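For reference, the structure is listed below as structure tokens.
Values in this text are rule-based calculations from the coordinates and carry no lab data. From a predicted model like this one, the values you see are computed outputs, not experimental measurements. Cβ atoms come from the backbone with ideal geometry, glycine included; neighbour counts cover every protein chain shown.
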Ligand code: UDP
């Protein structure tokens, strides 16, 4: 049965996906809801939906401009993005330029340690299992992707990292790490999906030395650092200025 225009297809933690009259196009509505620690912590960040939608739009446009295929089409409303329909590869692809978060907890690497070359890691996108870290062997055994797709995804993740790192350098912000998701279009081409925002990146303000004061991303919510909305708004302002 084909979905009618406007049918809700899926509701995630940060976005709702709707069908449109075109089966190749979906509408993503970004929510103000915030979750962390596999949804054990829940809250709302006022204005987050429209802020993250606009930041994602600008970053997708930067990536498209250097030839990285993304699902972004346009934004009919501030918190709405029309995207290409993809078959999502059930992986969270994490790129790390510096040690933070689970990497520090699991390895003892100190916060902020430079990772050169940057790490590209895969987690299984499965809330019931707590999004476990995978090896490439496990990923292939689970048939989550083929070896060729893993190679494509890794190369794209590194290219995205190079572009976004240079972009945020111009904003005087350090791109510590981020998570991206990919999907396959009708022709089997690997395309960047989901979002790129302070929900999915760690961003540190280079002008602030204090390790908590410099945080401009969801760690402010995860760690109750306060001024969450102001940090997201600040990222939007500097990103907007950098794309003008
Ligand atoms: N991340 C994400 N969604 C997830 C898990 C991680 O967007 O479900 C992002 C997170 O914001 C950070 C990067 O991926 O920018 C690396 O996160 P990490 O593995 O350190 O996990 P965390 O510390 O967030 O548990």
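Structure values in brief
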| read-out | value |
| --- | --- |
| Computed label-point distance, nm, for sites residue 243 and residue 129 using a 7 Å Cα→Cβ extension | 3.5 nm |
| Least to most buried among 93, 238 (fewest other Cβ within 10 Å first) | 238, 93 |
| Alpha carbon convex hull of the chain, volume per residue in cubic angstrom | 136 Å³ |
| Which of 171, 104 has the fewest Cβ neighbours within 10 Å, and the rest in rising order | 104, 171 |
| Max mean-square fluctuation residue, GNM over the chain, Cα-Cα springs under 10 Å, options 118, 69, 211 | 211 |
| For region 6-85: rounded, prolate or oblate by the Cα gyration tensor [a/c cutoff 1.5] | oblate |
| Among 175, 216, 103, residue whose mean-square fluctuation peaks in a GNM of the chain (springs only between Cα atoms under 10 Å) | 103 |
| Sorted by Cβ neighbour density within 10 Å, fewest at the top, the residues 125, 218, 8 | 8, 125, 218 |
| For region 105-244, the fraction of alpha-carbon pairs in successive 5 Å shells from zero, as % | 2, 8, 15, 20, 19, 16, 11, 6, 2, 0 |
| Choice from 56, 102, 197 with maximal GNM fluctuation in the chain (Cα, 10 Å cutoff) | 102 |
